[in-house]
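Bear in mind these aren't lab numbers, they're just calculated from the coordinates by the rules spelled out. Everything quoted here is computed from the prediction, not taken from an experiment. Don't worry about glycine lacking a Cβ; one is built from the backbone with ideal geometry, like all the others, and counts go over all protein chains shown.
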Ligand code: NIG
Ligand code: FE
């Protein structure tokens, strides 16, 4: 069950707690003395976590993991005063990343993504949603999907693929967007759908990107193959994207910087997860952050994610996202942790298996070198993660 309203801040902390795992599953959680006998009977290997907290591994429900190189040039131009939209209009931004992906080999994309995955694990993340979107044509989107598939087979973290079918209009389609949408709907989506290469379908619905009507078209094409919508919504301007997300029963509406009161009410009455991505606001140097408090207080399901991508949010550290959620959006540390675990898992339709430490769930957890969960966002910019466990296996052991 996702957590809404006051329940978002209830972590169910067990002091002097222990967790007993068998193979890839959590068997029991409770006080250490209560579990000691059973652990001895099972001859369980024990990990001493005194002075630490043990929490569910972060579920990063919005990333653009597969790209080539970076966008430090865009970054410096923005520092010098250009805006994100101006850079995009000048043919850089997403189009620059698409050019780099088109020139990159699969091997290069794979190697770069693997380096990032090791960092995700080192920061306590155990599950990652991965969007395509830097292909901008059928061949390159398929190349990204093959990379994701190879990562799924070899990486120790879990990857959930999303086809970001409409991210930016390629230059050669500038005057005929419908032709591009036809290409996506009639060629790309069927290939991906038939081979089940993605579970979700996403669009960038915003000023300077795709309209509500265009995104609705893409979702209709995706629904023929069971692809579940999620949506980049109301990031740069208010366009009605949030209402579209509610209308189509999207798994998630992401960013939401420009939602109005009616949108907040609509989200609160729905099961669409409001995924907030404050890393993008931070990196773009914005003063305004998404309205977390009104969303939580209205009863919406709020999640947090990194939006890891080269253009607007080059961080993969969920601990830093917690810090931003607290200091910039006034979420409490407990609310931020639930948003980054159980609610994020819910947005990926995985909350029955991931996102909390409960018997029967997958043994995915992070051991953090702090004594109080509030220290996680408080000591900002650090990496507190001492150990990351995925499916009962240690995937990273730092300090
Ligand atoms: O989530 N908004 C669209 N997509 C990304 C940015 C992509 C890019 O600039 O490369 C985002 O912010
Ligand atoms: Fe994004």
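Which order do 287, 114 fall in if you start with the one that has the fewest other Cβ atoms within 10 Å?
Details: 287 6, 114 14.
Fewest to most other Cβ atoms nearby, the residues stand as 287, 114.
Just report the Cα centroid separation between the range 1-48 and the range 113-187, whole Å.
The range 1-48 and the range 113-187 have Cα centres separated by 35 Å.
Between residue 183 and residue 379, what is the FRET efficiency for a Förster distance of 51 Å, r being their Cβ-Cβ separation, to the nearest 0.05? Don't skip to the answer; put the middle values down first.
Numbers: r = 48 Å, r/R0 = 0.94.
Here the calculated transfer efficiency is 0.60.
Taking the chain as a Gaussian network, Cα atoms linked when under 10 Å apart, which of 65, 35, 354 shows the biggest mean-square fluctuation?
Checking each option, the largest mean-square fluctuation is seen for 35.
Okay, helix-only estimate at 222 nm for the chain: each DSSP H run of n ≥ 4 adds -39500 (n - 2.57), divide by all residues, round to 500 deg cm²/dmol; what do you get? Please list the in-between numbers first.
Values: 17 runs with 150 residues, N = 399.
Result for the chain, helices only: -10500 deg cm²/dmol.
Sorted by average packing, counted as other Cβ atoms within 10 angstrom per residue and highest first, what order do 271-277, 388-394 take?
271-277, 388-394
Measure out, as a whole number of angstrom, how far apart the alpha-carbon centroids of the range 62-112 and the range 240-286 sit.
24
What order do you get for 87, 321 when you list them from fewest to most C-beta neighbours inside 10 Å? The partial results should precede the final answer.
On the way: 87 21, 321 28.
In order of increasing Cβ crowding within 10 Å: 87, 321.
Any chance you could run the full-extension gain for residue 105 through residue 70? It's 0.36 nm times the residue separation minus the Cα-Cα distance, nm to one decimal.
Additional length available on full extension: 11.0 nm.
If I model the chain as equal point scatterers sitting on the Cα atoms and use the Debye formula, what is log10 I(q)/I(0) at q = 0.09, 0.10, 0.14 Å⁻¹?
With one equal scatterer per Cα and no solvent, log10 I(q)/I(0) is -0.50, -0.62, -1.22.
Using R₀ = 35 Å, calculate the FRET efficiency as 1/(1 + (r/R₀)^6) where r is the Cβ-Cβ separation of residue 31 and residue 297; round to 0.05. Working shown, then result.
Values: r = 34 Å, r/R0 = 0.96.
E(calc), rounded to 0.05, equals 0.55.
Any chance you could tell me what percent of the C-alpha pair distances in the range 134-179 go past 16 Å? Please report the intermediate quantities before stating the final value.
Working: 494 of 1035 pairs.
Summing the P(r) tail past 16 Å for the range 134-179 gives 48 percent.
In units of 2.2 N^0.38 Å, what is the alpha-carbon radius of gyration of the range 33-176? If you can, show how the numbers build up before the last one.
Values: Rg = 20.4 Å, N = 144, 2.2 N^0.38 = 14.5 Å.
Working it through for the range 33-176, the quotient is 1.41.
Would you mind checking the tilt of helix 32-41 against the longest principal axis of the Cα atoms of the chain, expressed as 0 to 90 degrees and rounded to 10?
It works out to around 80 degrees.
What percent antiparallel are the DSSP beta bridges of the range 58-347, to the nearest 5?
Antiparallel: roughly 5 percent of the beta bridges in the range 58-347.
Using a Gaussian network model on the chain with a 10 Å cutoff between Cα atoms, which of 13, 296, 144 fluctuates the most?
For the chain, modelled as a Gaussian network with Cα springs under 10 Å, the answer is 13.
What per residue convex hull volume, in Å³, comes out for the range 217-321 when only alpha-carbon positions are used?
110
Nearest 10 degrees is fine. How inclined is helix 106-122 to the longest principal axis of the chain, computing both from alpha carbons?
40
Among 156, 80, 71, which one moves the most in a GNM of the chain with springs linking Cα atoms closer than 10 Å?
80
So how much slack lies between residue 371 and residue 397, counting 0.36 nm per residue of separation and subtracting their Cα-Cα distance, in nm?
7.6 nm
Dividing the convex hull volume of the alpha carbon atoms of the range 273-320 by its residue count, what do you get in Å³ per residue?
70
Taking the range 316-359 as the region of interest, what is the percent of Cα-Cα pairs per 10 angstrom bin, listed from the shortest bin to the one with the maximum distance?
For the range 316-359, the pair-distance distribution reads 31, 47, 22, 1.
Helix 318-329 sits at what angle to the longest principal axis of the chain, using alpha carbons and giving 0 to 90 degrees rounded to 10?
Its long axis makes an angle of about 80 degrees.
Percent of Cα-Cα pairs per 10 Å bin, from 0 to the last occupied bin, for the range 154-208, please list those.
21, 46, 25, 8, 1
Tell me, what are the semi-axes, in whole angstrom and largest first, of the equivalent ellipsoid of the range 119-234 as set by the roots of 5 times the Cα gyration tensor eigenvalues? Mind showing how you got there, number by number?
Details: eigenvalues 125, 46, 35 Å².
Over the Cα atoms of the range 119-234, the semi-axes work out to 25, 15, 13 Å.
By how many nm would the segment from residue 173 to residue 41 grow when fully extended, if each residue of separation counts as 0.36 nm and the alpha-carbon distance is taken off?
Between residue 173 and residue 41, full extension yields 40.9 nm more.
Relative contact order for the range 282-332: what is it in percent, counting Cα pairs under 8 Å that are at least 6 residues apart?
38
What number, in nm² with one decimal, is the all-direction average of the projected area of the convex hull of the alpha-carbon atoms of the range 245-399?
Working: hull surface 38.7 nm².
Answer in nm², one decimal: 9.7.
What nm value, rounded to one decimal, do you get for the distance between residue 330 and residue 89 when each label is placed 7 Å out toward the C-beta?
That separation, rounded to one decimal, is 3.4 nm.
Sort 200, 120, 58, 380 so the one with the fewest other Cβ atoms within 10 Å of its own Cβ comes first.
Going from sparsest to densest Cβ surroundings: 380, 200, 120, 58.
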